[in-house]
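Scroll down for the structure; my scribbles are underneath it.
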Amino acid sequence: MERPDLLYIVEPMKLEDIPEVVEIERLAFPSPWPARAYRYEVTQNQLAHYFVVRHQSSEEPEEEVPVKKPSLLRRLQTWPHRGERDHRPMVGYCGFWIAAQEAHISTIAVDPRFRGQGIGQLMLVKMIERALELDATLVSLEVRVSNFVAQNLYRKYGFKVVGRRPRYYSDNREDALIMTADHLSSPSFQRVFHKRRRQLSKRLEQRTRMSRLD
């Protein structure tokens, strides 16, 4: 969904994005990946496809929810990268691996200050679009059994629970549900996908108009 006129824009993840990715990672997950993991994904893993979402405005968001402030060292490390992009804040990132026509979503995260604005859905659409371009026939992922918000989003796009991984998450030994969307090129999946994508586009258009009126 390439829409440069919208409030948020999706771009391929670059090496210089990683300090900001790590900031959001630490806010979003109890057991965050280290920066070196993302450096490997971006520079060495040929099966990986990662993206970031940036706010088109240079304005910082209001503190809608309490978030842990990054350290002074982290702010100094990320300052040059933000300046290069006119201070457009990163609001989310995502990625998947692909092999044998199966795309596996490895991560998806939204800055807590921007949740509930359709950014997670925008990233899911981007990954499905890219998976289709790469001739994937199936998309899979793991999700916490307690994460009903994420599960509902995936179900909207045709994902179904196909299994369970006991004690999958290391922080609290919580189980993971395995969810998949298959037959991506089938008429039935395409109907659902295009319907949801149109709905998301209208939602983001409305939010963009509201932002410009502020």
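Only the coordinates and a few stated rules stand behind these numbers; no lab work does. This is a predicted model, so every value here is computed, not measured. Quick reminder, even Gly has a Cβ in these numbers, built from the backbone with ideal geometry, and neighbours come from all protein chains shown.
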Problem set entry | Virtual spin-label span in nm between residue 44 and residue 5, 7 Å along Cα→Cβ | 4.4
Problem set entry | Hydrodynamic radius of the range 93-188 per Kirkwood, over alpha carbon pairs, in Å | 13.9
Problem set entry | At R0 = 25 Å, FRET efficiency that the Cβ-Cβ distance of residue 207 and residue 145 yields, to 0.05 | 0.20
Seminar exercise, completed: The residues 178, 108, sorted from fewest to most surrounding Cβ atoms within 10 Å, come out as 178, 108
Problem set entry | the range 8-213: relative contact order as a whole-number percent, Cα under 8 Å and 6+ apart | 17
Exercise. Using 7 Å Cα-to-Cβ label points, what is the residue 102/residue 195 separation (nm, one decimal)?
Worked result: 2.8
Problem set entry | Whole-Hz couplings from phi, Karplus 6.51/-1.76/1.60, listed for the range 184-197; x for Gly and Pro | 4, 8, 5, x, 5, 5, 4, 4, 5, 4, 5, 5, 5, 5
Problem set entry | Ratio of the Cα radius of gyration of the range 8-213 to 2.2 N^0.38 Å, where N counts its residues | 1.03
Exercise. Using 0.36 nm per residue, how much length does the chain from residue 56 to residue 134 gain when fully extended, once their Cα-Cα distance is taken away?
Worked result: 25.3 nm
Exercise. Exposure proxy check: 29, 159, 114, 148 ranked by fewest other beta carbons within 10 Å?
Worked result: 148, 29, 114, 159
